[in-house]
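Right, one structure below, let's go through it.
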Amino acid sequence: MPERAARLRHADSGGPTSDPALARALDWLLQRQDPAGWWTAEMETNVTMTAEHLLLLRFLGADHAHVAPGARLHILEKQRADGSWALYFDGPGDLSTTIEAYTALRLAGLDVSAEPLQRARRFILDQGGLAEARVFTKMWLALFGEYPWDGVPSMPPELVHLPAGVPLNLYDFACWARGTIAPLLIVLSRRPVRPLGLSVAELVAPGTEARLHRVPGSGVFWWLDRLQKLYERLPRQPGRARARAAITDWIVEHQEADGSWGGIQPPWVYSLIALNLQGMDLDHPVMRRGLDGLHERFAVADEHGWRLQACMSPVWDTAWAVLALRAAGLPRAHPAIRSAVRWLLDEQISSGGDWQVRVPLQDCGGWAFEFDNDIYPDVDDTAIVVLALLEGGEGARARAAAVRGARWAVAMRSHNGAWGSFDRDNTRQLVYRIPFADFGAMLDPPSEDVTAHVLEMLARLGTGVSDPVVRGGLRYLAREQRPWGSWWGRWGVNHLYGTWCVVSALDALGCGGSRLPRALDWLLRVQNPDGGWGEGCHSYEDESFAGVGVSTASQTAWAVMALQRGGRGSHPAVLAGLDFLRARQAGGTWPEPEFTGTGFPRDFYLNYGMYRHLFPTMALALAGERPVRGGAPRTPGAGSGRAAVAGGLRG
């Protein structure tokens with residue numbers, strides 16, 4: 001056992017840890033903290049992030065020679081035996097992902113006769129070819145004349161003028177969709193074609209040529225799309241230039257300090273394309289910041305090639321790291337915790353953002369997911385950071401920051417008593433009727449996991465079950481529990497994640513009734529024979545697969561912690577789960593190629609590089625937990641003056 005790790009547990013929680021696996025995990029974690037105080041690791045997604053970056057550089061006329069060899073290596077490494085590429089590890093082949101990977105490999109210099117491309121081409125044609133791709137893939141190819149623009153849905157840029165109360169205004173869409181659709185309004189109205197330097201006509205399945213020109217769908221929105229295309233053919237389109245100019249201003253105003261838009265890849269790349277179409281060349285400061293931000297912060301290069309992350313998670317990772325270290329008994333005065341808390345405090349957001357469209361607050365107080373996406377603080381990060389500050393912070397500044405963050409989170413509550421991530425009441429289902437909406441979550445409605453995190457945060461601040469805000473959240477969770485006992489997970493895969501989140505909230509509030517044992521019994525039923533727990537992304541497609549999958553470290557930890565928090569920490573299933581974690585540890589951490597994070601259910605998944613480590617560490621730490629840790633009481637409102645702090649939430 002490393003000597004440093006052996007001394008980690010503080011006297012206030014019973015002395016040094018006797019668990020070698022926990023000691024190794026703590027040592028691994030402490031060694032990887034950035035000197036500034038934060039933690040994060042690579043956010044793995046599917047290969048479209050890298051493929052689309054090559055296409056972006058080609059469209060902008062920027063050099064891609066410096067990334068092409070590494071991108072080719074990365075993409076080829078992820079190809080499956082049947083020639084396809086998947087949305088997540090060990091998932092089924094995905095047609096659109098495979099088309100984009102194929103095109104990028106061609107652009108990166110791979111000859112059409114190369115064996116990997118032959119296998120990919122067979123898969124693509126077997127699946128129906130380009131005609132069956134999703135809208136975003138068709139649009140990428142249309143930018144280069146490899147797909148007809150008349151087969152891509154249209155959207156009028158005049159939408160930018162719609163006020164917030166009118167259906168289909170920009171703020172009806174989730175923030176990630178809003179940031180993507182805004183620049184696409186320019187792209188779709190201009191319908192540019194630039195040279196790709198090659199052809200992928202071989203991906204059109206014989207007999208499907210006519211279907212390339214058809215926009216899928218029916219009904220009023222299909223007819224509106226037809227009318228829009230007729231309007232676009234007119235020699236004069238009054239007001240269109242003004243609408244594009246308004247969108248351009250909106251895009252520029254929404255660029256973050258790191259050059260991104262929303263800190264995520266889709267709005268980032270489409271904003272660069274739209275601004276370039278509006279006349280900004282690569283030397284324009286906005287364009288330069290955007291491209292530099294992609295390459296300097298979001299790119300990863302190693303022996304597995306060059307690739308682009310879809311986003312990063314330093315605030316989220318750091319808050320959970322503080323909670324893990326505190327669970328293991330590190331004192332608040334430990335340098336790692338002090339520097340992490342200072343960094344989190346400095347990341348608190350005071351400025352406004354899109355959330356203000358529906359929440360009339362001048363002051364924010366929340367936290368965002370990443371380093372610099374201050375326009376989009378989110379409720380989930382805010383709740384976990386507040387928990388981290390309550391566990392690891394000291395002094396008036398940390399308490400005041402926690403109260404400010406909690407006040408903002410409470411203000412973000414939707415009318416059904418629950419919480420979404422980035423916006424309040426972002427629930428207008430009409431957006432899913434437009435032909436454009438065939439991919440990804442277009443809305444940000446309340447979810448079980450985010451609501452549970454807010455309720456746990458309120459409990460730690462001293463707010464009990466008699467509070468009307470808490471009661472509303474609990475009623476929502478009661479309605480959403482599945483008949484077999486689990487809860488759905490929006491941001492983690494899936495029922496194992498959602499159930500852990502809700503059980504943690506119920507434990508913190510000291511309630512649950514019959515809901516709690518039903519959830520715990522479900523967890524016991526879905527444990528794997530090896531002692532672990534796992535759930536594949538397919539459970540988003542078919543709920544009969546809830547809790548079904550290969551055992552993973554992070555999901556085993558979620559199940560173990562739920563059982564621990566639910567009062568069954570000594571159950572043989574928990575002991576088996578802990579033994580699974582100890583046995584699977586390697587080099588102080590845990591291998592986990594499976595994707596246990598969720599971007600868009602059914603469409604986009606994430607492999608958080610820190611999940612495999614943080615949550616098993618917490619589960620091992622909780623196995624030896626004392627009833628009270630460092631003055632942070634389990635009983636809501638007891639001790640530490642937290643009931644008094646909670647009194648300021650709505651004051």
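Taken together, the values in this text are just the output of simple stated rules run on the coordinates, not laboratory data. This structure is a prediction, so every number in the text was calculated from the model and none was measured. Cβ atoms come from the backbone with ideal geometry, glycine included; neighbour counts cover every protein chain shown.
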Starting from the amide H of ASP378, placed 1.01 Å from N in the peptide plane, find each other amide H under 5 Å away whose residue is 5 or more places distant or on another chain. TRP367, ALA368, PHE369
Compute the projected area of the convex hull of the Cα atoms of the stretch 375-532, averaged over all viewing directions, and report it in nm² to one decimal place. 11.5
Suppose only helical runs count, i.e. DSSP H with n ≥ 4. What mean residue ellipticity at 222 nm does that imply for the chain under -39500 (n - 2.57) per run, divided by all residues and rounded to the nearest 500 deg cm²/dmol? -14000 deg cm²/dmol
What is the Cα radius of gyration of the chain over 2.2 N^0.38 Å, N being its residue count? 0.97
Based on the inverse mean of 1/r over its pairs of different Cα atoms, what is the Kirkwood hydrodynamic radius of the stretch 20-117, in Å? 15.6
Can you pull the Kirkwood radius for the stretch 315-364, inverse mean 1/r over Cα pairs, to one decimal in Å? 12.6
Percentage of interatomic Cα-Cα distances in the stretch 105-186 larger than 20 Å: 51
What is the ratio of the Cα radius of gyration of the stretch 519-623 to 2.2 N^0.38 Å, with N the residue count, to two decimals? 1.01
In terms of the alpha carbon gyration tensor, root eigenvalues a ≥ b ≥ c, rounded if a/c is under 1.5 and otherwise prolate when a/b exceeds b/c or oblate, the stretch 179-234 is oblate
For the stretch 230-245, in order, what is each residue's ³J(HN,Hα) by Karplus, 6.51 cos²θ - 1.76 cosθ + 1.60 with θ = phi - 60°, in whole Hz (x at glycine and Pro)? 5, 4, 5, 8, 5, x, 10, 10, x, x, 5, 4, 5, 5, 5, 5
Compute the convex hull volume of the Cα atoms of the stretch 46-308, divide it by the residue count, and report the result per residue in Å³ as a whole number. 138
For the chain, with only Lys/Arg (+1) and Asp/Glu (-1) charged at the beta-carbon, what is the dipole magnitude about the Cα centre, in debye rounded to 20? 1380
Rounded, prolate or oblate: pick one for the stretch 177-313, where a ≥ b ≥ c are the square roots of the eigenvalues of its C-alpha gyration tensor, a/c under 1.5 means rounded, and failing that, prolate if a/b is larger than b/c, else oblate. oblate
Per-residue ³J(HN,Hα) for the stretch 248-258, Karplus 6.51 cos²θ - 1.76 cosθ + 1.60, θ = phi - 60°, Hz, x for Gly and Pro: 4, 4, 4, 4, 4, 5, 9, 6, 7, 4, 8
Placing one identical point scatterer on every Cα of the stretch 263-322 and ignoring solvent, what is log10 I(q)/I(0) from the Debye formula at q = 0.15, 0.20, 0.24 Å⁻¹? -0.57, -0.83, -0.99
Degrees between helix 335-346 axis and first principal axis of the chain (Cα, 0 to 90, nearest 10): 50
Relative to the longest principal axis of the C-alpha atoms of the chain, give the angle of the C-alpha long axis of helix 115-126, reported between 0 and 90° and rounded to the nearest 10°. 80
